[in-house]
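The values are calculated or read from the model by the stated rules, or taken from the named source; none is laboratory data. None of the values given here were measured: they were computed from a predicted structure. Don't worry about glycine lacking a Cβ; one is built from the backbone with ideal geometry, like all the others, and counts go over all protein chains shown.
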Amino acid sequence: MLSVIENGAYLIGGAEIIPDGPDAPAAVKARTGKEARKETAGRQTIAYRILEQHNTSGNMDRLKIKFDKLTSHDITFVGIIQTARASGLEKFPIPYVLTNCHNSLCAVGGTINEDDHMFGLSCAKRYGGVYVPPHQAVIHQYAREMLAEGGKMILGSDSHTRYGALGTMAVGEGGPELVKQLLGQTYDINMPGVVGVYLTGEPVKGVGPQDVALAIIGEVFASGLVKNKVMEFVGPGVSALSADFRIGVDVMTTETTCLSSIWRTDDTIKEFYEIHGRGEDYRELNPGEIAYYESMITIDLGAVRPMIAMPFHPSNTYTIDELNANLSDILDDVEKKAAVSLDGAVDFTLKNKIKDGRLLVDQGIIAGCAGGGFENICAAADIMKGSYIGSDGFTLSVYPASMPVYMELIRNGCAAALLETGAVMKTAFCGPCFGAGDTPANNAFSIRHSTRNFPNREGSKLQNGQISSVALMDARSIAATAANKGVLTAATEFDGPIGRYQYHFDSKIYANRVFDSRGAADPSVEIQFGPNIKDWPAMTELPENLVLRVVSEIHDPVTTTDELIPSGETSSYRSNPLGLAEFTLSRKDPAYVGLAKQIQAAQTAVMEGRCPLEEIPELAAVMETIRKTYPQVGKGNVGFGSTIFAVKPGDGSAREQAASCQKVLGGWANIANEYATKRYRSNLINWGMLPFLIGEGALPFRNKDYLFLPDIRKAVEEKADEIRAYKVGEDGLAEFTLRLGELTDEERQIILKGCLINYNRV
């Protein structure tokens with residue numbers, strides 16, 4: 001089904017793979033008559049060419065990218081615009097689309113969700129943007145329908161910003177990276193590696209895009225094969241897939257931890273653009289005659305079978321047939337993995353879902369940027385036609401990804417077919433993906449064609465003793481399970497027809513409802529605020545020396561952004577930095593906020609000219625110990641704050657608040673063995689936090705310990721990689737080493753200034 005060539009490969013004419021090795025150059029020359037040089041062939045990937053066209057540095061090893069367009073949703077755009085306003089924003093310099101698909105149904109805090117929406121509309125008018133009202137489209141579907149262009153690049157403040165199937169290289173990043181683009185600055189990265197994904201064959205009936213995506217994620221996530229790289233989809237199998245199918249695979253590449261994705265394009269994608277009235281935006285994209293990829297993943301689409309990602313990660317994958325054949329063993333393994341993630345906070349089992357040797361499901365969801373596509377829902381309707389979900393506990397909800405998709409489902413009868421089965425059709429909304437809609441009952445098991453299944457992401461609250469869980473599946477197998485009244489069933493067991501439906505895009509829906517400034521700003525428009533929309537608090541520059549208290553210690557293999565700052569109803573507070581910060585680590589380490597505030601009080605005292613030792617009496621002993629070795633450290637040259645340790649933090653969402661909430665509570669650093677994603681590390685840096693690395697093994701400190709970093713400002717200024725640090729103990733200072741990793745000159749300046757706002761503020 002899937003194999004990996006780890007050590008590089010040449011692709012000849014887009015059709016023949018030659019693995020790298022001593023004989024590869026001769027083999028390439030025999031096929032093409034040309035010399036094989038990795039450096040030259042590496043420039044023949046689609047990804048390299050697009051990056052080269054958008055790089056402003058003149059150096060393809062050190063990229064400074066300017067994007068063509070930007071997009072955000074309603075739990076990110078308020079913070080982004082507030083940051084940009086504080087930094088001098090006058091006009092959106094490139095098209096910026098503000099969608100409203102995350103907080104459109106969050107019924108928390110009275111007016112605050114709609115206040116955010118009105119803030120967005122007024123800013124689109126004032127600064128020259130596009131505003132998509134609630135229920136019209138999820139962020140990525142609108143971008144596919146109206147924003148993507150062949151050969152272009154889009155930056156979005158959502159991690160699933162992926163439009164590679166349409167020939168657009170898109171990157172999901174934290175909000176500060178969009179702020180930089182709004183201020184005319186660049187996205188600075190080293191040239192990423194490019195990994196080929198070579199497709200052959202065609203899917204069998206009942207296999208959908210989520211099945212292919214989960215097969216890839218299950219294969220490459222743990223190894224980090226594509227981490228922070230570009231996945232480039234090539235090979236003859238691409239042409240066997242519809243545009244919707246490619247889009248469904250593409251959006252899930254985020255879960256591999258890759259940086260971006262791109263696909264070769266053909267007449268199928270040309271037709272997609274033409275259907276949406278944008279034929280002029282299509283570009284045919286193919287790799288050059290001899291292209292080199294640093295790794296190559298090969299997939300026989302015909303060998304892929306219906307997949308399921310069991311709790312609590314998209315990489316925890318099995319075929320549905322494998323799961324059904326080995327239920328007890330696999331569920332036992334799921335429970336063991338869950339015990340690590342949940343840290344024994346609640347009892348968790350799925351074995352009680354086994355009835356008569358089959359696994360019973362409580363809920364099905366088909367939704368969002370991954371599941372809510374036209375073809376997914378049409379296929380689900382065909383599979384369920386003539387069936388019904390029953391009147392017991394099982395429920396099925398279907399969320400089309402945009403109102404135009406919904407309209408076409410009504411016109412072709414698929415919506416009616418689904419409603420007749422007992423399913424519920426809802427409007428475009430991302431809530432089921434991040435815990436703001438359709439939260440299952442306690443101990444319930446939900447199968448979803450959505451993007452993630454992290455612990456408690458579906459909305460249950462561990463701190464309240466709640467646990468439910470999500471498995472990821474394709475819409476086709478969800479429909480087969482629903483037709484079987486909740487008994488887990490692979491869609492390949494369905495023996496009826498699954499039709500091919502022609503899609504007709506109704507442009508009038510957006511034309512009549514979406515505000516599009518056409519790039520014209522109107523400075524006379526007053527921004528509409530609400531009482532929950534707050535400015536960012538003042539942040540200080542990096543001090544000469546730092547005293548940090550460790551306020552959380554997390555040893556899970558991976559810590560997700562959902563654990564760092566929970567989603568769901570807390571997302572309503574993302575326009576309020578101080579209000580949201582109260583939820584930081586609330587589902588993972590409830591003691592964090594209190595401990596962070598304690599040491600923050602010392603820094604507040606410094607800023608106000610008071611003695612920090614009076615705020616925290618135990619600091620007197622800490623400072624006494626430090627001064628025995630560093631007598632010069634004291635008033636005017638030392639700052640106080642907090643840090644956390646996590647093995648591998650930052651998997652998942654691009655949400656900047658995973659970092660900014662720590663900063664708002666006085667955080668100065670993270671310490672990690674590695675960072676799960678580039679975007680989380682970038683968020684730390686853009687909020688002025690030090691992204692420390694420490695070697696694996698026993699830690700030289702524990703939670704609640706005090707650490708001392710002498711001359712930290714000088715170390716950042718002088719580009720030191722290794723940082724001298726001390727644990728402050730009763731017996732004195734115990735030295736250990738931290739590393740900062742590679743930082744650009746601009747990133748160092750941001751850290752020195754204390755945050756991106758300070759860096760840009762005149």
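Key figures for this structure:
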| quantity | calculated |
| --- | --- |
| Within the stretch 489-499, tally of residues that are touching a residue at least 60 places away in the same chain (Cβ under 8 Å), part of a loop (DSSP other than H, G, I, E, B) and surrounded by fewer than 24 Cβ atoms within 10 Å (Cβ to Cβ) | 5 |
| Residue among Asp250, Asp281 that is under 22 Å from Glu202 (Cβ atoms), in contact with a Lys or Arg (Cβ under 9 Å, 6 or more places away or on another chain) and of a type outside the set (Val, Ile, Thr) | Asp250 |
| Subset of the stretch 697-717 [out of contact with any strand residue (DSSP E or B) (no Cβ under 8 Å at 6 or more places or on another chain), more than 27 Å from Tyr187 (Cβ to Cβ) and at pLDDT 95 or above] | Lys714 |
| Breaking point among (1) outside the structural domain of Phe374 (by TED's automatic domain parsing); (2) over 26 Å from the mean Cα position of the chain (by Cα); (3) closer than 23 Å to Ala483 by Cβ, for Ile354 | (1) |
| Residue in the stretch 69-89 that is within 26 Å of Arg278 (Cα to Cα) and over 20 Å from the mean Cα position of the chain (by Cα) present | no |
| Candidate set: the stretch 455-482, residues that are of a type in the set (Gly, Ala, Ser) and at pLDDT below 95; chosen: the one farthest from the chain's Cα centre (by Cα) | Gly465 |
| Candidate set from the stretch 598-645 (those that are among the charged types (D, E, K, R) and touching a Gly at 6+ places or on another chain (Cβ under 8 Å)); member that is surrounded by the most Cβ atoms within 10 Å (Cβ to Cβ) | Arg627 |
| Single residue of the stretch 419-435 satisfying the filter (assigned to a loop (DSSP other than H, G, I, E, B) and of a type outside the set (Phe, Trp, Tyr)) that is modelled with the lowest pLDDT | Gly435 |
| Those residues of the stretch 193-237 which are farther than 24 Å from Ala379 by Cα and part of a loop (DSSP other than H, G, I, E, B), in sequence order | Gly193, Phe221, Ala222, Ser223, Gly224, Leu225, Val226, Lys227, Asn228, Lys229, Gly235 |
| Residues that are surrounded by fewer than 17 Cβ atoms within 10 Å (Cβ to Cβ) and among the hydrophobic types (A, V, I, L, M, F, W, C), drawn from the stretch 389-422 | Ile410, Ala416, Leu419 |
| The listed residue being under 18 Å from Gly164 (Cα atoms), part of a strand (DSSP E or B) and outside the structural domain of Thr481 (by TED's automatic domain parsing), out of Ile269, Ile247, Ile262 | Ile262 |
| Single unsatisfied condition, Tyr198 versus (1) at pLDDT 95 or above; (2) under 30 Å from Ala521 (Cα atoms); (3) among the hydroxyl-bearing types (Ser, Thr, Tyr); (4) crowded, with 24+ Cβ neighbours inside 10 Å | (2) |
| The listed residue being closer than 30 Å to Gly568 by Cβ and out of contact with any Ser or Thr (no Cβ under 9 Å at 6 or more places or on another chain), out of Asp506, Asp474 | Asp474 |
| Residue count for the stretch 316-363, restricted to those that are among the polar types (S, T, N, Q) and either surrounded by fewer than 19 Cβ atoms within 10 Å (Cβ to Cβ) or part of a helix (DSSP H, G or I) (or both) | 6 |
| Options Asp362, Asp343: the member that is under 26 Å from the mean Cα position of the chain (by Cα) and touching a residue at least 40 places away in the same chain (Cβ under 8 Å) | Asp343 |
| Which listed residue is buried (at least 24 other Cβ atoms within 10 Å of the Cβ), in contact (Cβ under 8 Å) with a residue 24 or more places away in the chain and of a type in the set (Gly, Ala, Ser), from Gly14, Gly79, Gly8 | Gly79 |
| Total residues in the stretch 427-445, condition surrounded by fewer than 21 Cβ atoms within 10 Å (Cβ to Cβ) and in contact with a Pro (Cβ under 8 Å, 6 or more places away or on another chain) | 1 |
| Failed item in (1) touching a residue at least 40 places away in the same chain (Cβ under 8 Å); (2) surrounded by fewer than 17 Cβ atoms within 10 Å (Cβ to Cβ); (3) closer than 30 Å to Asn316 by Cβ, with Ala479 passing the rest | (2) |
| From Ile644, Ile626, residue being assigned to a helix (DSSP H, G or I) and either touching a residue at least 24 places away in the same chain (Cβ under 8 Å) or not small (Gly, Ala, Ser) (or both) | Ile626 |
| Which numbered condition Tyr726 misses (of (1) aromatic (Phe, Trp, Tyr); (2) part of a loop (DSSP other than H, G, I, E, B); (3) over 27 Å from Phe312 (Cβ atoms)) | (2) |
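A quick yes/no check of all residues on (1) among the aliphatic types (A, V, I, L, M); (2) closer than 30 Å to Ser341 by Cα; (3) assigned to a loop (DSSP other than H, G, I, E, B); (4) over 23 Å from the mean Cα position of the chain (by Cα):
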{"position": "Tyr388", "(1), (2), (3), (4)": "no, no, yes, yes"}
{"position": "Tyr406", "(1), (2), (3), (4)": "no, no, no, yes"}
{"position": "Ala417", "(1), (2), (3), (4)": "yes, no, no, yes"}
{"position": "Gly437", "(1), (2), (3), (4)": "no, yes, yes, no"}
{"position": "Ala441", "(1), (2), (3), (4)": "yes, yes, yes, yes"}
{"position": "Asn453", "(1), (2), (3), (4)": "no, yes, yes, no"}
